[in-house]
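Peer 1: Here's a structure for you.
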Amino acid sequence: MAAMLKLACLVLACMIAVAPYAAEGAISCGMVTSKMAPCLGYLTGGALSTNCCQGVESLLAAAQTTPDRQTACDCLKSASSSIPGINYANAASLPSECGVNIPYEISPSTDCTTVQ
C-alpha cells in the first residue's frame, strides 16, 4: 500500500513538473510511470518481469521525437531519484536486459537536455 501511495505521488509530481512540455510531444510522466511501474521490483533488487520489459519496449516505441525522448528521460530521472532503494546498476542495465537500446542512462545524473 505504501509503495502504491509513493507511486501515485510520483505520478502527480511528474505530471506537474512536465505539464509545460506536454503540449510539445506525446509522452507524459504519467505514461512513463505507468509503463515503468512493473519494473519497480527489478529496480529495487527483485526479479525482472515480462511486464517490465513490455513496458520498456512500449515506452521506447512511443518516444519517437527528441522532445518525447527528453521528456521520458526527465521523468525517469525524476522517478529514479525520488524512489528510495533504487539499485542504479539495475536501472542502467534495464534496457539491455529487455533487449532494447535507449539513448541515455537511467540515472539521477543524466543530462536529459543532451538526449537526441
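The values are calculated or read from the model by the stated rules, or taken from the named source; none is laboratory data. These numbers were taken from a predicted model, which means no experiment stands behind them. Note that each Cβ is placed from the backbone with ideal geometry, even for glycine, and that neighbours are counted across all protein chains shown. Quick note on the areas: whole protein, heavy atoms, side chains included, nothing else; ligands and nucleic acids left out. Shrake-Rupley method; radii C 1.70, N 1.55, O 1.52, S 1.80 Å.
Peer 1: Can you tell me the accessible area per residue over the stretch 39-116, all protein chains present, probe 1.4 angstrom, in square angstrom?
Peer 2: Result: 48 Å² of accessible area for each residue.
Peer 1: Compute the distance in nm between two label points, each set 7 Å from the Cα along the Cα-to-Cβ direction, one at Ser58 and one at Thr113.
Peer 2: Output for this residue pair reads 3.3 nm.
Peer 1: Using the Cβ atoms and a cut-off under 15 Å, what net charge is assigned to the surroundings of Ser96, where Lys and Arg are +1 and Asp and Glu are -1?
Peer 2: -3
Peer 1: Residue-wise, which Karplus ³J(HN,Hα) couplings in Hz belong to the stretch 62-72, taking 6.51 cos²θ - 1.76 cosθ + 1.60, θ = phi - 60°, and x for glycine or proline?
Peer 2: 6, 8, 8, 10, 4, x, 5, 5, 5, 5, 4
Peer 1: Quickly rank 78-87, 53-62 as a protection proxy: mean count of other C-beta atoms within 10 Å, highest first.
Peer 2: 53-62, 78-87
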